[in-house]
Amino acid sequence: MPCTEQAEYGIVKVTNSKVAVNNNLKKTMAKSNSAFMKPMKISEDLAPVVGKGPMPRSEVVKKLWVYIKKNDLQDKKNRRNINADANLKKVFNGKGVVSMFEMTKLVSKHLS
C-alpha cells in the first residue's frame with residue numbers, strides 16, 4: 001500500500017521501497033550547493049599554496065590539505081594544529097601555528 005508523507009519542500013511518495021521526490025525538492029537541493037561551487041578569485045599570497053584560480057572554495061580546501069600533508073605541516077602531538085611554513089605564514093597573518101578551524105577563517109579572507 002503506497003504511503004505519502006509531506007516534506008518541507010514537496011511531497012515524498014514511498015512505493016514498494018522506491019522513493020519519488022517531486023521536482024521542486026530536487027531544484028531546491030541543487031541551488032543550495034551552487035554557492036559552494038562558485039569559482040572564487042585567489043589572492044597572490046594563497047596562490048603558491050593551492051595554485052592560481054579561480055576555483056571553488058571546496059577545491060581550495062582540498063588543495064590546501066594536499067599541501068599540508070605533502071609538506072608534513074600537521075602537528076604531530078595535536079593533529080588539530082597546522083604548523084605554518086613560509087608560504088602559509090603569509091596566509092595565516094604571520095602566525096606560526098593555527099588550528100584547523102582558525103585556518104578556514106584565515107583562508108576565506110584570501111578568496112573573493
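The values are calculated or read from the model by the stated rules, or taken from the named source; none is laboratory data. Model, not experiment: these values are computed from the prediction.
Name the residues in region 47-98 that are under 15 Å from LYS109 (Cα atoms) and among the hydroxyl-bearing types (Ser, Thr, Tyr), would you?
SER58, the sole residue that qualifies.
What number of residues within region 70-101 are part of a helix (DSSP H, G or I) and at pLDDT 95 or above? Break it down stepwise before answering.
So the first thing to find is which residues in region 70-101 are part of a helix (DSSP H, G or I), and the list is 70, 86-91, 100-101.
Narrowing further to those that are at pLDDT 95 or above: 70, 86-91.
Of the residues in that region, 7 qualify.
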